[in-house]
Amino acid sequence: MMHDRTPCLEITAEALDRDPYPTFRTLQSGSSVGWVADLGMWLVAGYRDVETILRNTDDFVTGTPDSLIFDTFGEHMLTAEGEQHERFKSRFRGAFSPARIRASMEERTDACSRRLIDGFVNDGKAEFRAAYASRLPVLSILSLFDIPLEEEAKLRLWYDGFERALSNFAWREDVRARAQGYVGAFHALIRHHIARVRAAPDDSLLSQVVNDPSDDRLDDAEICRNASIIFFGGISTVEAVVLNCLYALCTHPDALASVRRDPALIPQAIEETLRWLSPVQSATRHVVRDFTLGETNFRAGDIVNCMLGAANHDPRVFDEPAAFRLDRTNVRKHLGFALGPHFCLGSNLARLEAITAIRHILECCPDMRLSADHPAEIRGFEFRQPTALHLEWRV
């Protein structure tokens, strides 16, 4: 099969990081697929094509030894396919069901959120990324695993190193080495708590996995690797959806007023945020064997980035996709948590955290608005959110 690199997008990684949406619109007006030489990968921008690829785990896989996520974390539920993927994910799935998440995490998340807000609410202003959004998911995931909240600073440091490694398309050795060192430190922390719950079982998620009575239970190394992706996958999504939702509401006064009048609209605002300004913009897949999608010929070994943020702006699926609308009836069709076998395990926890966050912030920060002195800058091609979000309110 001939390998076709057209259309080739004359665009840089920096331009995509600054604003990928013009590129998405260009692709959607044509074949929806384009080759980006600067990244050495394909971008797929059409909703139906993204859906096709994410459901096809025979020809498109998440992890190979050449993938950044495998290089950073090794084999876990997000880099495994088929039976091994199901074996990994099934050990954790029950704990992330809607009912279990409400029972185990509603009070804990509420307490973590109020603890953070109490630290700055009387100031009348805050930079929300540092003061709140980057901290809530770390505290929540520590609570889920019943690990002391005092580990927050270490977890945040490690996460920042992992985030850089997962977008390290230049394969810089210093970035790889730092991240792999942090992986070792994280595994040491988890092994300490594995020993604790093995000696004294409790009702935590970690204890359930460690003390699994089945014959094919996960060994300690497998638990550490899967815990790593649960921890750090949950941080980026929640941090960004909270910031992105606050940004969306503050830049759409009518929507903000509606949500203030009727807090029952908060879940709808969260879903529209996941569509309108998708925190996780892409889902990377590796081509196992030559495959033709429409007019595009993929070759075995190619990297394909399914652009979730683009699919969520596909005008063939969403009317007025560039508009932030609380009355969007098909908003739940968004791909903010991907789909297929690798649909986000922690989506229910992410929604709980985001709804709790927006509810508490609206309650505690009357007349909330963006700071005129610190304009928000939205950046990111893999993960997209404000680099900082300065808000002010009436005290």
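Can you find even one residue in the range 198-218 that is part of a helix (DSSP H, G or I), out of contact with any Cys (no Cβ under 9 Å at 6 or more places or on another chain), at pLDDT 95 or above and open to solvent by 50 Å² or more (accessible area, probe 1.4 Å)?
yes
Give the residue that is modelled with the highest pLDDT, with candidates limited to residues of the range 164-175 that are open to solvent by less than 50 Å² (accessible area, probe 1.4 Å) and of a type outside the set (S, T, N, Q).
Going through the qualifying residues, I end up with VAL175.
Do any strands (runs of 3 or more DSSP E) entirely within the range 286-345 hold 2 or more residues that are touching a residue at least 60 places away in the same chain (Cβ under 8 Å) and either open to solvent by 30 Å² or more (accessible area, probe 1.4 Å) or under 18 Å from THR79 (Cβ atoms) (or both), and if so, which?
Qualifying strands (runs of 3 or more DSSP E): 291-293, 303-307.
Just to be sure before I move on: is ALA195 of a type in the set (A, V, I, L, M) and either open to solvent by 40 Å² or more (accessible area, probe 1.4 Å) or part of a loop (DSSP other than H, G, I, E, B) (or both) in the structure I sent?
The answer is yes for ALA195.
Is it the case, given these coordinates, that ILE266 is farther than 20 Å from PHE383 by Cβ and more than 13 Å from the chain's Cα centre (by Cα)?
Spelling it out, ILE266 is indeed farther than 20 Å from PHE383 by Cβ and more than 13 Å from the chain's Cα centre (by Cα).
Answer with yes or no whether GLY82 is more than 23 Å from LEU277 (Cα to Cα) and either open to solvent by less than 10 Å² (accessible area, probe 1.4 Å) or of a type in the set (Gly, Ala, Ser) (or both).
Answer is yes for this residue.
So that you can scan it fast, the table gives a plain yes or no per residue for (1) part of a loop (DSSP other than H, G, I, E, B); (2) farther than 20 Å from LEU277 by Cβ:
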position	(1), (2)
ASP17	no, no
LEU27	no, no
VAL50	no, no
ILE53	no, yes
ASP58	yes, yes
PHE70	no, yes
HIS76	yes, yes
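Suppose the filter is farther than 25 Å from MET105 by Cβ and assigned to a helix (DSSP H, G or I); does ALA131 pass it?
So ALA131 does not fit the description; no.
For VAL259, are the conditions met, namely being buried (at least 19 other Cβ atoms within 10 Å of the Cβ), farther than 30 Å from ALA388 by Cα, of a type in the set (A, V, I, L, M) and touching a Leu at 6+ places or on another chain (Cβ under 6 Å)?
No, not satisfied.
Name every residue in the range 272-285 that is touching a Cys at 6+ places or on another chain (Cβ under 8 Å) and assigned to a helix (DSSP H, G or I), in order of residue number.
THR273
Limited to the range 46-60, what total is found for residues that are open to solvent by less than 20 Å² (accessible area, probe 1.4 Å) and either touching a Gly at 6+ places or on another chain (Cβ under 6 Å) or over 25 Å from GLN28 (Cβ atoms) (or both)?
Residues in the range 46-60 being open to solvent by less than 20 Å² (accessible area, probe 1.4 Å) and either touching a Gly at 6+ places or on another chain (Cβ under 6 Å) or over 25 Å from GLN28 (Cβ atoms) (or both): 1 in total.
May I ask you to list the residues in the range 219-229 that are open to solvent by 10 Å² or more (accessible area, probe 1.4 Å) and assigned to a helix (DSSP H, G or I)?
Listed by number, the residues that qualify are ASP220, ALA221, GLU222, ARG225, ILE229.
Working only within the range 18-38, note down all residues that are in contact with a helix residue (DSSP H, G or I) (Cβ under 6 Å, 6 or more places away or on another chain) and surrounded by fewer than 18 Cβ atoms within 10 Å (Cβ to Cβ).
Matches in the range 18-38: ASP38 only.
Are any of the residues in the range 124-140 at pLDDT 95 or above, open to solvent by 10 Å² or more (accessible area, probe 1.4 Å), among the acidic types (Asp, Glu) and closer than 30 Å to LEU370 by Cβ?
Yes, the conditions are met somewhere in the range 124-140.
Give just the number: which of (1) open to solvent by less than 20 Å² (accessible area, probe 1.4 Å); (2) under 26 Å from THR57 (Cα atoms); (3) not in a loop (DSSP other than H, G, I, E, B) does LEU391 not satisfy?
(2)
Does the range 27-82 hold any residues that are of a type in the set (Phe, Trp, Tyr) and under 15 Å from ARG225 (Cα atoms), and which are they?
Answer for the range 27-82, where residues must be of a type in the set (Phe, Trp, Tyr) and under 15 Å from ARG225 (Cα atoms): PHE70, PHE73.
Can you find a residue that is open to solvent by 10 Å² or more (accessible area, probe 1.4 Å), modelled with pLDDT of 95 or more and under 19 Å from ALA350 (Cβ atoms) anywhere in the range 230-252?
Yes, the range 230-252 contains a residue that is open to solvent by 10 Å² or more (accessible area, probe 1.4 Å), modelled with pLDDT of 95 or more and under 19 Å from ALA350 (Cβ atoms).
The values are calculated or read from the model by the stated rules, or taken from the named source; none is laboratory data. Keep in mind the model is a prediction, meaning the values are calculated, not measured. Glycine gets a Cβ as well: all are built from the backbone with ideal geometry, and neighbour counts include every protein chain shown. Ligands, DNA and RNA are stripped out before the accessible areas are found, and what is left, the full protein with its side chains, is counted by its heavy atoms. Shrake-Rupley method; radii C 1.70, N 1.55, O 1.52, S 1.80 Å.
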